[in-house]
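Everything on this sheet refers to the single structure shown next.
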Amino acid sequence: MTTQPNIPESTDDDLSPLLSEPFARAWAAPAPGLPGRMGERLGERLERSLKAEQGMVTVRRRKAQAEPMAEGVQQRWLYRAPTGRAPRPGEPRAASVIELEAGGRLALPPGGPREFLVLRGSVEVDAERLSLRDFLLLPAGSTPLVASRDGAHVFVREAEGEGDVERTLVRDQEAGWPEFAPGIRRRVLWAGGGQAALLYRADPGASVPNHSHGHDEECLMVQGELFLDDVLLQTGDYQLAPAGTGHRITETDTGVVLYAHGDLDLQFC
């Protein structure tokens with residue numbers, strides 16, 4: 001991969017227009033019954049939020065560009081690492097969603113270790129039939145054929161380098177959901193070198209305390225909605241938080257199933 005897609009390199013600043021007119025002038029007026037200026041307090045909150053999100057990549061599914069790859073196959077890019085610098089700890093080489101219509105087929109070129117997670121339908125990857133939420137990890141150098149008889153969406157993550165990983169298959173119907181924290185269950189799909197590929201299932205109202213990232217942390221929303229600080233992620237949305245950043249707020253009102261790739265052991269602050 002040599003080029004960066006036309007996606008934002010920082011968060012989708014949904015709140016940034018609120019810092020401009022006409023809102024800024026309206027908020028500058030005193031708020032009856034409240035000390036100080038509401039505009040100043042809200043502006044400070046927004047500035048803190050935007051500063052915390054600097055360097056993060058947030059991609060909305062509805063905005064991700066679809067690139068035709070073959071007849072009946074398109075690929076929505078979520079992330080492609082820029083060239084010319086050393087990768088961060090845990091940074092992916094690329095992440096995307098491959099969307100196949102019924103009968104669609106795509107041969108992938110050789111690359112680094114690749115993870116596949118089925119988001120919709122069923123698919124064959126390297127002659128392995130995968131259903132909803134099944135996970136497959138292939139070693140570096142593989143040239144898998146991705147095909148679907150009835151149509152499917154599959155998340156694909158390619159790691160940097162020639163990491164020494166073994167072929168790993170985790171079937172959703174067989175894996176279970178071990179308890180991780182109150183209201184949260186976690187499935188370890190793969191782990192090595194302090195990082196891991198994970199599936200989380202959280203109940204409505206569940207939250208994770210303030211934590212930092214020793215590796216790049218990727219979150220892909222499989223189902224439901226999740227607040228990462230002041231950013232609301234919905235089904236199909238993706239966020240990459242670089243190593244060295246953190247999240248003050250991680251909580252869901254709806255309940256959620258999400259894929260994450262990052263620290264095996266969360267670094268709570």
Exercise. Of all the residues that make up the range 66-87, how many are buried (at least 16 other Cβ atoms within 10 Å of the Cβ), part of a loop (DSSP other than H, G, I, E, B) and of a type outside the set (A, V, I, L, M)?
Worked result: 1
Exercise. Taking interchain pairs and intrachain pairs at least six residues apart, which have beta carbon atoms under 6 angstrom, with the first residue in the range 194-221 and closer than 16 Å to Pro113 by Cβ and the second among the acidic types (Asp, Glu)?
Worked result: Ala197/Glu115; His215/Asp263; Asp216/Glu91
For this session: Kindly indicate whether Arg149 is in contact with an Asp or Glu (Cβ under 9 Å, 6 or more places away or on another chain), in a strand (DSSP E or B), farther than 22 Å from Glu251 by Cβ and in the same structural domain as Leu117 (by TED's automatic domain parsing).
Result: no
Exercise. Is the range 184-192 home to any residue that is of a type outside the set (A, V, I, L, M, F, W, C) and in contact with a Leu (Cβ under 7 Å, 6 or more places away or on another chain)?
Worked result: yes
Problem set entry | Selection status of Arg93, of a type outside the set (A, V, I, L, M, F, W, C), in contact (Cβ under 8 Å) with a residue 40 or more places away in the chain and assigned to a loop (DSSP other than H, G, I, E, B) | no
Exercise. So which residues in the range 106-134 are in a strand (DSSP E or B), touching a Ser or Thr at 6+ places or on another chain (Cβ under 8 Å) and not acidic (Asp, Glu)?
Worked result: Ala107, Arg114, Val118, Gly121, Val123, Arg129, Leu130
For this session: Could you identify the single residue in Leu240, Leu258 that is of a type in the set (A, V, I, L, M), touching a Cys at 6+ places or on another chain (Cβ under 7 Å), surrounded by 20 or more Cβ atoms within 10 Å (Cβ to Cβ) and closer than 28 Å to Pro110 by Cα?
Result: Leu258
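The values are calculated or read from the model by the stated rules, or taken from the named source; none is laboratory data. Bear in mind the structure is a predicted one, so any value in this text is a computation, not a measurement. Because the Cβ atoms are built from the backbone with ideal geometry, glycine has one as well, and the counts that use them run over all protein chains shown.
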